[in-house]
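Heads up, the thing below is written out as structure tokens.
The values are calculated or read from the model by the stated rules, or taken from the named source; none is laboratory data. In this text, all values refer to a predicted model and were calculated from it rather than measured experimentally. Because the Cβ atoms are built from the backbone with ideal geometry, glycine has one as well, and the counts that use them run over all protein chains shown. Remember, those area values only see protein heavy atoms, side chains included, never the ligands or the DNA or RNA. Shrake-Rupley method; radii C 1.70, N 1.55, O 1.52, S 1.80 Å.
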Amino acid sequence: MSVLVVGAYGSVGSHAVAGLVSAGVSVRGTSRKPGTGELPDAVEMVRLDLEEPETLPAALDGVKKVFLYASRAGIAEFVSAARAAGVEHVVLLSSAAVVEPATRHSQSAQMHAGVEEALQESGIAWTFLRPTTFASRQLRWAPDIRSGEVLRIPFLQVRTASIHERDIADVAVRALTGAGHEGQTYWLTGPQALTQQEYIETIGAVIGRPIDFVGLAPEEFEPRLSESFVRTMTELMKAPCVVTSTVEDVTGVPARSFRQWAEDHVKDFS
């Protein structure tokens, strides 16, 4: 079996590559700018740009399964090329935005839903991974934390069950290598709903020093927040945060905690 991992250098794709190699699967990875030395030697790297359909046939040649990230650009051409190449199964990195009540009318949800629909209509078997907020979103605070700046945070008490990128990759590997995942949609979350304040406090505990922060009203934040973002966050503040057991259900291993993610990324904050 040969698997194509689109975006093999990405935060999820790179872990999916590692998991597939560990499982003894033949892997081809893609990047707009393939390099050398960044992935295991066993991985064949090829150039692929989903906005350049002419790069698709060579990347898909001989491939039976594909790990794909959602991009509206080029999805019709991808489907056509995948059918022509005989691809049997596509595992799509989609988003929980398409099912989260507060976000399912957002632009992100519409984009991801459009890609899902194209694959559902393709005639190729599919599996949709719908992760909630990536834990790596908290890296946006890293420069200020390293420099000791005070974090100024709107919606400080909004709760999310952010997910470690390795958990998403682990589910992807199971879907690409096991049976029974075709036609399944997996809503993926971390194991616990935390506020932004609790994320900050966890990072502080991991790096061994307190992090100063203040909560802001949305209208006080600079640069100005879009009305759609404020509306979505306001809805999320009101709604209960969904926590699923899907990572453990699929992999047999509980989802990693946010503290584990912070420990894995301690160098980014220190």
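Going by what's in this entry, would Ser108 be described as at pLDDT 95 or above and open to solvent by 10 Å² or more (accessible area, probe 1.4 Å)? Considered against the rule, which asks whether it is at pLDDT 95 or above and open to solvent by 10 Å² or more (accessible area, probe 1.4 Å), Ser108 comes out as no. The single condition among (1) in a helix (DSSP H, G or I); (2) within 18 Å of Tyr186 (Cα to Cα); (3) of a type outside the set (Asp, Glu); (4) open to solvent by less than 10 Å² (accessible area, probe 1.4 Å) that Ala97 does not meet is (4).
Taking strands (runs of 3 or more DSSP E) as the structural unit, those lying wholly within segment 26-92 and holding at least 2 residues that are touching a Leu at 6+ places or on another chain (Cβ under 6 Å) correspond to 26-31, 65-69. Here Lys64 fulfils each of the conditions (1) open to solvent by 30 Å² or more (accessible area, probe 1.4 Å); (2) farther than 22 Å from Ile168 by Cβ; (3) not small (Gly, Ala, Ser) apart from (2). From the list Ile163, Ile207, Ile168, Ile211, the lone residue that is hydrophobic (A, V, I, L, M, F, W, C), touching a residue at least 60 places away in the same chain (Cβ under 8 Å), open to solvent by less than 10 Å² (accessible area, probe 1.4 Å) and farther than 20 Å from Lys65 by Cα is Ile163. Criterion first (more than 17 Å from the chain's Cα centre (by Cα), open to solvent by less than 10 Å² (accessible area, probe 1.4 Å) and farther than 30 Å from Thr160 by Cα) does Val46 satisfy it? Against the criterion (more than 17 Å from the chain's Cα centre (by Cα), open to solvent by less than 10 Å² (accessible area, probe 1.4 Å) and farther than 30 Å from Thr160 by Cα), Val46 does not qualify.
Restricting segment 123-136 to residues that are open to solvent by 10 Å² or more (accessible area, probe 1.4 Å) and among the small types (Gly, Ala, Ser), which is farthest from Thr177 (Cα to Cα)? So that I can check it myself, show each step before the final result.
Step one: filter segment 123-136 for residues open to solvent by 10 Å² or more (accessible area, probe 1.4 Å), giving 123-126, 130, 132-134, 136.
Right, trim to among the small types (Gly, Ala, Ser) and you get 123, 125, 136.
Values: Gly123: 20, Ala125: 14, Ser136: 26 Å.
Among those that are open to solvent by 10 Å² or more (accessible area, probe 1.4 Å) and among the small types (Gly, Ala, Ser), it is Ser136.
Pairing each residue of segment 254-270 that is surrounded by 17 or more Cβ atoms within 10 Å (Cβ to Cβ) with any residue that is among the polar types (S, T, N, Q) and in a helix (DSSP H, G or I), provided the two are 6+ apart or on different chains, yields C-beta distances under 6 Å for Phe258/Thr202; Ala262/Thr202.
Can you name the condition, by its number, that Gln184 falls short on among (1) in contact with a helix residue (DSSP H, G or I) (Cβ under 8 Å, 6 or more places away or on another chain); (2) in contact (Cβ under 8 Å) with a residue 60 or more places away in the chain; (3) surrounded by fewer than 19 Cβ atoms within 10 Å (Cβ to Cβ)? Condition not satisfied by Gln184: (2).
This table checks each residue for (1) among the β-branched types (Val, Ile, Thr); (2) under 30 Å from Arg224 (Cα atoms); (3) at pLDDT 95 or above.
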| site | (1), (2), (3) |
| --- | --- |
| Gly148 | no, yes, yes |
| Gln157 | no, yes, yes |
| Ser162 | no, yes, yes |
| Arg166 | no, no, yes |
| Val173 | yes, no, yes |
| Leu176 | no, no, yes |
| Gly180 | no, no, yes |
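Answer with yes or no whether Ala179 is open to solvent by 20 Å² or more (accessible area, probe 1.4 Å) and of a type in the set (A, V, I, L, M, F, W, C). Talk me through it step by step, then tell me what you get.
Numbers: open to solvent by 20 Å² or more (accessible area, probe 1.4 Å): yes; of a type in the set (A, V, I, L, M, F, W, C): yes.
When the stated conditions are applied, Ala179 passes them.
Take the conditions (1) touching a Lys or Arg at 6+ places or on another chain (Cβ under 8 Å); (2) open to solvent by 60 Å² or more (accessible area, probe 1.4 Å); Thr202 misses just one of them, which is (2).
Among the residues of segment 125-164, the ones that are more than 21 Å from Ala239 (Cα to Cα) and either touching a Gly at 6+ places or on another chain (Cβ under 6 Å) or of a type in the set (A, V, I, L, M) (or both) come to 7 in all.
Any residue that is open to solvent by 20 Å² or more (accessible area, probe 1.4 Å) and in contact with a Phe, Trp or Tyr (Cβ under 6 Å, 6 or more places away or on another chain) - is there at least one of those in segment 87-94? Talk me through it step by step, then tell me what you get.
Initially, segment 87-94 is screened for residues open to solvent by 20 Å² or more (accessible area, probe 1.4 Å), giving 88, 93.
Subset that is in contact with a Phe, Trp or Tyr (Cβ under 6 Å, 6 or more places away or on another chain): 93.
Yes - at least one qualifying residue is present in segment 87-94.
Only one entry of Gly13, Gly29 meets the criterion of being farther than 18 Å from Thr127 by Cβ, among the small types (Gly, Ala, Ser), crowded, with 18+ Cβ neighbours inside 10 Å and under 18 Å from the mean Cα position of the chain (by Cα), and that entry is Gly29.
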